[in-house]
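What follows is calculated from the coordinates using simple rules that are stated; it is not laboratory data. All values derive from a computational prediction rather than experimental measurement. Please note: Cβ atoms are built from the backbone with ideal geometry, for glycine as well, and neighbour counts cover all protein chains shown.
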């Protein structure tokens, strides 16, 4: 999946896929980005995206929480620009519903992962929205945080 970035006042949006809030142990806390589930939390996501993510316990410090997911439609890859537009619209609306505040008014950032042309060909249609901070330091869920 390829990360998408959007500029917000004082916030740089990074792309992410859903990651699990699991106690880190051995390599069991590193998962394929496509297997992220809603409610799971991750550490930092590299600027160019990631195929694998480190799952962190949402009760402890983490960077991102997966909070919404949708599926892109169509048989043919719609192109990066169209996917980015669709993901941004979906995730921005979902962010406000999830946190209780618009992204532009929040101290938290929005990021998401979307299919690449290569992963689309393999059947990937998931757009996963994440809320948090690229710098980390988020503790607990951001559901209904109101800031």
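Please compute the modelled spin-label separation between residue 97 and residue 51, points set 7 Å along Cα→Cβ, answer in nm with one decimal.
A separation of 3.3 nm, rounded to one decimal place.
Per 0.36 nm of contour for each residue apart, how much would the distance between residue 73 and residue 122 grow if the chain were fully extended, relative to their Cα-Cα spacing?
Extra length available between residue 73 and residue 122 comes to 16.2 nm.
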